[in-house]
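The structure appears below as structure tokens.
Computed from the coordinates by the stated procedures, all read-outs in this text should not be read as laboratory data. Quick caveat, the model's predicted, so the values are computed rather than measured. When we count neighbours, we look across all protein chains shown, and the Cβ atoms used for this are built from the backbone with ideal geometry, even at glycine.
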Amino acid sequence: MAILVTGATGFLGRFVLLELLQQKQDVVALLRNPEQQMPTLCKWLQEKGGDTAHLQYIQGDLAQRDLAVSASDWQRLAQVDTLIHTGVLFAWNLTAVQAQTTNVDGSLILIQLLKERTQLQRVILISGYMLTLKAYLQQYGIDPAQPLQSNWQQLYRQLGSYEASKIEAHFRSLALAQELKLDWTVIHPATLIGTENTGEIAEHQVFTQIVKQINQGKMLALPGSARHTLPWVSVDHVVQGIIQCLKDRSSYQQEILLAHPQSLSFHHVVRLIAKQLKIQPPHFCVPLPILATLLRWQPLAQRLNLSREMLEFLRTEPLTPNQSYTVHHVSQASLDEQLMQSVAWIKQHYL
């Protein structure tokens, strides 16, 4: 295989690169600013045993109409037959245009141009666990039988631009892959936490931001009820899922949920974090509808470093894995242990 990886400098993307390079796989990374990004990326990969001799890069940008890939770089991509698409613009309070340009239009243009100009046959798309919640999708007017008929403008107003763009990108990219007769797999990860051996996690990840918020005393009350959970998964588990699906034909045309089998209430997780930080956790609870209303006041949202968009990810319904496909990943660590590993990493590097 000749594999193109997007989002290669992101938290998930770089661990995918590392695993591929450790297997001596030829990989091309799509980078916006390779002169700045490559030295740091290569240093990180080499420190962890990645053979960067198998790594090439091309300059490109999912936010540009034609990806801003040069003619010479398209020639270098000619033999690519596999895409692992981890690239995404993630931030709360994006405008609809910002989110759609990169996450929706960028994904569609990427797949279309690769099909036209390379040997593309196989795509692995990274989405999210919210796409596995059918009642949630129907609540916001998405008919699973006809998702492309959805009122996208309304969805952006209701959910916020990041999550709405992820949902739109998922259904449109999947439809395009099917139209182009590509062998596709969609990976739906839960919220990422750090590696299982060291807890290494990136500073921009949601879990890191939650730990910082608690550490800074900005979580004044526990959001939601004791029934609300936020599903978690180690980055290792997602990487192994991607690698397994690469060569496994039984993963073709499958949507695969990846989450730790344990489910912990979000309140329990907050108390675990506070205990490891040696601070008192919040004692009061705020119902999510009330908190969402309060966060409409931007000065308060900024002071608390919290967005209304994030509240949707706290759920009470159970996740339902795809019973027809299993990712083989053996971990002896409980979810509590994995979360605490990540907290330890965050304490050492970001607090």
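Lys pairs in the chain, Cα-Cα under 21 Å, at least 8 apart or on separate chains: how many?
Count of close lysine pairs: 15.
Shape call for the stretch 279-351 from the C-alpha gyration tensor, a ≥ b ≥ c root eigenvalues: rounded (a/c under 1.5), prolate (a/b greater than b/c) or oblate?
Details: a/c = 2.49, a/b = 1.41, b/c = 1.76.
Note, shape of the stretch 279-351 comes out oblate.
Considering only the other residues whose Cβ falls under 15 Å of the Cβ of D61, what net charge follows from Lys and Arg at +1 and Asp and Glu at -1?
Details: positive: R32, R65; negative: E35, D66, D73, D105.
Within the 15 Å Cβ shell, the charges total -2.
Taking Cα atoms, how many degrees apart are the long axis of helix 106-117 and the longest axis of the chain, rounded to 10 and kept between 0 and 90?
20 degrees
Report, in degrees rounded to the nearest 10, the 0 to 90 angle that the Cα long axis of helix 161-179 makes with the longest principal axis of the chain.
30 degrees
Net charge near F15, counting Lys/Arg +1 and Asp/Glu -1 over other residues with Cβ under 14 Å of its Cβ? Spell out each step's value before the answer.
Details: positive: R14, K48; negative: E19, E47, E196, E200, D236.
That works out to -3.
For the chain, what value does the Rg/Rh ratio take when both radii are computed over Cα atoms and Rh is the Kirkwood radius, given to two decimals?
Values: Rg = 20.0 Å, Rh = 21.0 Å.
Rounded to two decimals, Rg/Rh equals 0.95.
Less than 14 Å from a label point 7 Å out along the Cα-to-Cβ axis of Y136: which backbone N atoms in the stretch 220-242 qualify, by residue?
Under cut-off, by backbone N: 228-233.
Using Cα centres only, tell me the gap between the stretch 90-163 and the stretch 1-37 in whole Å.
Result: 22 Å between the Cα centres.
Between rounded, prolate and oblate, where does the stretch 1-189 land on the alpha carbon gyration tensor, with a ≥ b ≥ c its root eigenvalues, rounded for a/c under 1.5, else prolate if a/b exceeds b/c? Each step should come with its number before you reach the end.
On the way: a/c = 1.86, a/b = 1.68, b/c = 1.11.
Prolate shape, in that a/c is at least 1.5 and a/b is the bigger ratio.
Restricting to the chain, compute how many DSSP beta bridges are antiparallel as a %, nearest 5.
Numbers: 2 of 33 bridges.
Bridges in the chain are about 5 percent antiparallel.
Count the net charge of all other residues whose Cβ sits under 13 Å from the Cβ of A333, scoring Lys and Arg as +1 and Asp and Glu as -1.
Values: positive: none; negative: E196, D236, D336, E337.
That works out to -4.
Which of L294, L62, L110 moves most in a GNM of the chain, Cα contacts under 10 Å?
Top of the fluctuation ranking is L294.
Quick one: among E19, E35, E309, which has the greatest mean-square fluctuation in a GNM of the chain with alpha-carbon springs under 10 angstrom?
For the chain, modelled as a Gaussian network with Cα springs under 10 Å, the answer is E35.
Sequence-distant or interchain residues sharing an amide H contact under 5 Å with C285, placed H: which?
L222
Just to be sure I understand: with springs between alpha-carbon atoms less than 10 Å apart, which residue in K247, K212, K166 has the highest mean-square fluctuation in the Gaussian network model of the chain?
Judging by the Gaussian network model, the answer is K247.
Arranged from highest to lowest average of other beta-carbon atoms within 10 Å per residue, in what order do the peptides 221-233, 87-99, 281-293 appear? Provide the component values of the computation, followed by the final result.
Values: 221-233: 19.2, 87-99: 17.5, 281-293: 13.4.
My ranking of the peptides, most packed first, is 221-233, 87-99, 281-293.
Would you mind checking the tilt of helix 206-215 against the longest principal axis of the Cα atoms of the chain, expressed as 0 to 90 degrees and rounded to 10?
30 degrees
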